[in-house]
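All of the numbers you see were taken from the coordinates with simple rules; none came from a lab. None of these values were measured; they are calculated from a predicted model. In this analysis, Cβ positions are derived from the backbone assuming ideal geometry, glycine residues included, and neighbour counts consider all displayed protein chains.
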Amino acid sequence: MKTRATLPAVILLATAAALTACDDGTNKADSKPDKASSAAGKPVATAAATPSDAAALAKATGIPPKPTGAARARLLRALAAAAPAAARYEDKAIDAARNQCSAINGGAQRLDHLASQRFTYKDATTTEAEAKQINQALKDTGFCIV
């Protein structure tokens, strides 16, 4: 008789122990990586990426380097011919052109739509017809060749 009375108590205790041992994964303290060491036990680098790392990453993603001098002037002239309003903000136009090269070099779909979005900023709106000309200008000038 004592066996029957203690069996439910043992099952109840075992279940309670099992449930308290479960981790639901919501402990925020455990989710942050340790800044002092990595999984290999070596210190984690906290410095920003070097310029050469950034250039290598840009090249790997199909983004050409920022043009300077005559190359910059040539690109801005080509962009102004395709979409005058988009070329009004030179630095934004250069950045948009570099990002558009990533789409071109990566084989993205709907390139004209992407270009119309990338070259629309502030008070400059680029239509898909202008975007098509921008894409052609980027290809014709060889700017997107990385």
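Annotations
- Cα extents of segment 75-122 along the three principal axes, largest first (Å): 27, 18, 16
- Projecting the Cα positions of T68, P84, L114 onto the charge dipole of segment 61-146 (unit charges on Cβ atoms of Lys, Arg, Asp and Glu, taken about the Cα centre) puts T68 furthest along the positive direction.
- In Hz, Karplus ³J(HN,Hα) per residue of segment 100-108 (6.51, -1.76, 1.60; θ = phi - 60°; x = Gly, Pro): 5, 4, 4, 5, 5, 5, x, x, 5
- Rounded to the nearest whole Hz, the Karplus-based 3J(HN,Hα) values (6.51 cos²θ - 1.76 cosθ + 1.60, θ = phi - 60°) of segment 116-124 follow the sequence 4, 6, 5, 9, 9, 7, 6, 9, 9, with x at glycine and proline.
- In this structure, the residue pairs whose Cα-Cα separation is over 20 Å, taken from K59/K122; K66/K122; K66/K139; K66/K132, are K59/K122; K66/K122; K66/K132.
- Distance between segment 96-146 and segment 67-89 - C-alpha centres, whole angstrom: 12 Å
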